[in-house]
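See below for the structure under consideration.
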Amino acid sequence: MARAPLSIPVAGEATTVPALLDLLGDAKPGDILVTDYAMRGPDVRDCDGFAMLARLRRVHPGLRIIVLTDIANPSVLSTIIETGARGLVDKTSPKQELLNAIHKVAIGRLYFCRAMRMALDGLCERSAPPPRISPRETEVIRLFAEGLTVSGIAARLSRSVKTISRQKSDAMRKLGLSNNAQLYLYARESGLMPSGQTRIRDAV
């Protein structure tokens with residue numbers, strides 16, 4: 001677990017996956033983990049960042065994860081987000097960038113540093129205007145961009161999780177989007193961010 005800026009309380013640090021899991025034994029929903037994408041461990045699978053993130057999400061579903069990485073491949077970054085990361089910060093970023101990420105993720109937002117945004121921006125490049133989506137689908141996308149999960153959107157709108165999941169999937173299919181990272185970036189570029197929310201591009 002990476003060291004956070006001094007103004008942020010730090011519960012502990014770990015340098016291997018087993019030590020990290022032990023450290024997270026008392027983790028509560030909403031706690032923030034700042035982690036390298038790949039950590040050392042006795043099992044080669046511990047060094048697989050995707051597997052580590054998936055395991056963390058399975059064991060601690062309420063944990064808010066910020067990933068430190070120097071990866072610039074948009075497909076890999078997209079999959080990291082799909083696997084459960086709430087924030088992406090380049091390892092070479094100044095400490096203030098990490099502090100920004102922690103504050104944003106702490107209030108339920110997603111946060112990508114400037115380098116990560118530049119890498120991800122290509123995912124939403126489109127050669128033609130997107131097709132129309134329904135008002136309800138638009139509402140679901142807007143709330144997703146606000147940082148809510150499918151179950152959180154269902155609770156907010158008093159609809160079933162199945163209905164929200166279908167509306168989100170239908171919107172993505174109509175828009176030609178294949179994952180949550182692309183959907184988030186579409187919402188940003190389409191002006192669907194809540195009026196009081198800081199946009200990713202302006203968050204640093």
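Structure above, values below:
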{"read-out": "Verdict on Ala72 being closer than 19 Å to Met118 by Cβ, part of a helix (DSSP H, G or I) and small (Gly, Ala, Ser)", "value": "no"}
{"read-out": "3 or more residues modelled with pLDDT of 90 or more: qualifying helices (runs of 4 or more DSSP H) within segment 89-204", "value": "95-106, 150-157, 161-175"}
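The values are calculated or read from the model by the stated rules, or taken from the named source; none is laboratory data. Owing to the predicted nature of the structure, the values given are computational and were not obtained by experimental measurement. All Cβ positions, even for glycine, are placed from backbone atoms using ideal geometry, and neighbour counts span all protein chains on display.
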